[in-house]
Amino acid sequence: MKRWQQMALFALCSFGLGSNATANLAFNGTLVEPPPCTINSGSNIDIDFNNVGITTIDGVSNRKAVNYTINCTAGTLPWTMRLTVQGTATTFDTAAVQSSVGDLGVRLLRNGLPFVLNAPVLINPSSPPTLQAVLVKRPGGTLPLVGFTASATLLAYYQ
């Protein structure tokens, strides 16, 4: 190896051998919990569709209001609240809860638009969105003349 190549190699290798600067890091903070909240004072929200004609199940007719309230203890931080409906969606509508009848679902609407299940949305707890429920049928499906049930969980939480 030529002498100038040896010197260049030595210079490159010793480049990182200079003095190092260091600084210590210190971390601190306070862990807090979000304020407690309840939906509907902890009571179930029951929506009774009563007797519904099979031919009127179109995703528009027979809408029912989902009346609920969100009550939270005042917090000191600017928490953000999310709302979601947890449940099993039908295979034909991601905003519809599967009912006990295979081709029938209960679609939830948030401010008039489909509220996709298991997909949290940001809300203002002092003015929560309007929720509605409406029956939907699988396209091309047939419905028997029977009673039905469906259930889901309405969940509000701070982040």
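What to note about this one:
- Between Ser41 and Ile54, the contour length at 0.36 nm per residue exceeds the Cα-Cα span by 1.2 nm.
- With Cα atoms, 0 to 90° folded angle of helix 3-13 axis to the chain main axis: 40 degrees
- Check: the chain dipole with +1 on Lys, Arg Cβ and -1 on Asp, Glu Cβ, in debye: 680 debye
- nm² value of the averaged projected area, convex hull over the Cα atoms of the range 53-126: 6.1 nm²
- Value at 222 nm in deg cm²/dmol, rounded to 500, when DSSP H runs of n ≥ 4 in the chain each add -39,500 (n - 2.57): -2000 deg cm²/dmol
- Which of Leu145, Leu104 has the fewest Cβ neighbours within 10 Å, and the rest in rising order: Leu145, Leu104
- Counting 0.36 nm for each residue step from Phe148 to Thr73 and taking away their Cα separation leaves a gain of 23.3 nm.
- Annotation: the chain has a Kirkwood hydrodynamic radius of 20.0 angstrom, from the mean reciprocal C-alpha pair distance.
- 3J(HN,Hα) from dihedral phi, the range 53-69, Karplus parametrisation 6.51/-1.76/1.60, rounded to Hz, x for glycine, proline: x, 4, 6, 9, 7, 9, x, 10, 6, 6, 5, 10, 6, 9, 7, 8, 10
- Across the chain, C-alpha contacts under 8 Å between residues 6 or more apart give a mean separation that, scaled by the residue count, equals a relative contact order of 27 percent.
- Computed 3J(HN,Hα) for the range 84-94, one whole-Hz value per residue from the Karplus formula 6.51 cos²θ - 1.76 cosθ + 1.60 where θ = phi - 60°, is 8, 10, 9, x, 8, 7, 5, 6, 10, 7, 6, glycine and proline marked x.
- Nearest-0.05 FRET efficiency for Thr130 and Val32, computed from C-beta distance (R0 41 Å): 0.85
Read-outs: derived from the displayed coordinates by stated rules, not from any lab. A quick note: this is a predicted structure, and the numbers were derived from the prediction, not measured. A quick note on method: Cβ atoms are made from the backbone with ideal geometry, for glycine too, and the neighbour counts reach across all protein chains shown.
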